[in-house]
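For reference, the structure discussed in these notes is given below.
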Amino acid sequence: MGFPVKAFNSGLDYCAKPEDIFVCSYPKCGTTWLQNMVYLILNDGVPLSLDQFLPRVFPHLEEVGKEVCNQLPTPRLIKTHLPFSITPHNSKARYLYVARNPFDCAVSFFHHTRGFPQHYDFLDGEFEEFFECFIAGEVDFGDYFDNLIPWYKRKDDENVLFITYESMKADSYRSIMAIADFLEVEIFKNKKMIDSIIKYSSFDAMQKNQTRWASLRSDTVEPFIRKGIVGDWVNYFTPKQTHRLLEKYFYKTKGTGIDNLWLDVLESATKNN
């Protein structure tokens with residue numbers, strides 16, 4: 001993944017504070033989008049200024065290490081892709097976890113991997129190659145389901161908000177209100193603030209300045225904010241690939257309730273395999 005080993009190990013040792021706000025996810029599941037929503041809610045709907053960058057005000061714990069996060073103003077805003085078992089925990093800190101259906105996640109992760117050629121050597125890689133790595137869990141942060149399932153099991157914890165990329169896409173207003181309520185920020189009666197949060201967290205607004213959202217590591221050769229749609233996976237998956245991921249999906253999530261998260265996606269996948 002190209003992170004400095006020292007910073008990664010340091011991040012694991014970070015001591016979470018009661019006031020901390022973590023945005024957590026498996027990679028390419030709407031992390032940056034949720035980070036921006038949280039930032040806007042906490043800052044009265046005022047977006048990042050032209051000289052501000054999200055990775056600096058809302059850094060990636062494993063990329064920068066605990067020293068950087070310890071220097072953040074309170075409340076500390078921290079991003080992580082760590083699995084639940086090793087995410088720094090504090091019973092009073094808040095954890096927002098965003099999940100995305102594995103089909104669209106795989107496609108977005110594929111483009112992300114091609115977008116960092118200096119780290120992945122995959123600039124000319126094909127989706128067929130990436131799919132084999134993804135389904136085997138041999139990508140950054142390991143197996144998709146091993147990250148998702150433990151966090152989903154914590155969804156009813158008082159200090160955890162579990163949200164999906166698809167619900168954010170379908171109803172941004174409702175998602176923003178749920179996030180604000182979780183963060184105990186009163187915005188219900190402030191229409192101007194709500195409109196501003198919706199405006200500046202929209203795909204169009206975020207797509208305009210790619211460098212504001214990208215990792216601190218380097219520039220990408222593909223847009224960091226790419227399409228932002230649900231269902232693009234049908235343009236990449238073969239019927240055989242669809243069948244294999246469906247098979248793994250049902251095997252890994254049996255009895256968890258996760259199979260109810262993306263019923264429309266599963267129905268479409270079932271018809272296309």
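The values are calculated or read from the model by the stated rules, or taken from the named source; none is laboratory data. It should be emphasised that the depicted structure is a prediction, and the values quoted were computed from it without experimental measurement. When we count neighbours, we look across all protein chains shown, and the Cβ atoms used for this are built from the backbone with ideal geometry, even at glycine.
Quick notes
So that you can scan it fast, the table gives a plain yes or no per residue for (1) assigned to a helix (DSSP H, G or I); (2) at pLDDT 95 or above; (3) under 21 Å from H60 (Cα atoms):
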site: H111; (1), (2), (3): yes, no, yes
site: D124; (1), (2), (3): no, no, no
site: N147; (1), (2), (3): yes, yes, yes
site: K155; (1), (2), (3): no, yes, no
site: E158; (1), (2), (3): no, yes, no
site: L161; (1), (2), (3): no, yes, yes
site: A178; (1), (2), (3): yes, yes, no
site: K192; (1), (2), (3): yes, no, no
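- Screening Q52 with (1) out of contact with any Pro (no Cβ under 8 Å at 6 or more places or on another chain); (2) under 24 Å from N159 (Cα atoms); (3) assigned to a loop (DSSP other than H, G, I, E, B) gives one miss only, at (2).
- If you go through region 163-176 and pick out every residue that is buried (at least 19 other Cβ atoms within 10 Å of the Cβ), among the hydrophobic types (A, V, I, L, M, F, W, C) and part of a helix (DSSP H, G or I), you end up with 2.
- Residue match in region 104-117 (condition: acidic (D, E), crowded, with 19+ Cβ neighbours inside 10 Å and either under 30 Å from K240 (Cβ atoms) or in contact with a Ser or Thr (Cβ under 9 Å, 6 or more places away or on another chain) (or both)): yes
- K79, sole failed condition from (1) touching a residue at least 24 places away in the same chain (Cβ under 8 Å); (2) part of a loop (DSSP other than H, G, I, E, B): (2)
- Identity of the residue in region 239-260, assigned to a loop (DSSP other than H, G, I, E, B) and in contact with a helix residue (DSSP H, G or I) (Cβ under 8 Å, 6 or more places away or on another chain), that ends up modelled with the highest pLDDT: T256
- Residue count for region 180-189 satisfying the condition of being in contact (Cβ under 8 Å) with a residue 60 or more places away in the chain and either part of a loop (DSSP other than H, G, I, E, B) or among the acidic types (D, E) (or both): 3.
- Test: residue in region 34-43 that is in a loop (DSSP other than H, G, I, E, B) and closer than 24 Å to A178 by Cα: yes
- Single residue of region 126-145 satisfying the filter (hydrophobic (A, V, I, L, M, F, W, C) and outside any helix (DSSP H, G or I)) that is surrounded by the fewest Cβ atoms within 10 Å (Cβ to Cβ): F141
- Within region 7-27, residues that are modelled with pLDDT of 95 or more and aromatic (F, W, Y) sit with their Cβ atoms under 9 Å from residues that are assigned to a loop (DSSP other than H, G, I, E, B) and crowded, with 24+ Cβ neighbours inside 10 Å, at 6+ positions apart or across chains, in these pairs: Y26/R100.
- The residues of region 194-208 that are in a helix (DSSP H, G or I) and not charged (D, E, K, R), listed by number, are I194, S196, I197, I198, Y200, F203, A205, M206, Q207.
- Pairs meeting the criteria (first residue in region 94-109 and within 17 Å of K153 (Cα to Cα), second residue among the β-branched types (V, I, T) and part of a strand (DSSP E or B), beta carbons under 6 Å, at least 6 apart or on different chains) are R94/I21; Y95/V160; L96/V23; V98/I163; A99/T164.
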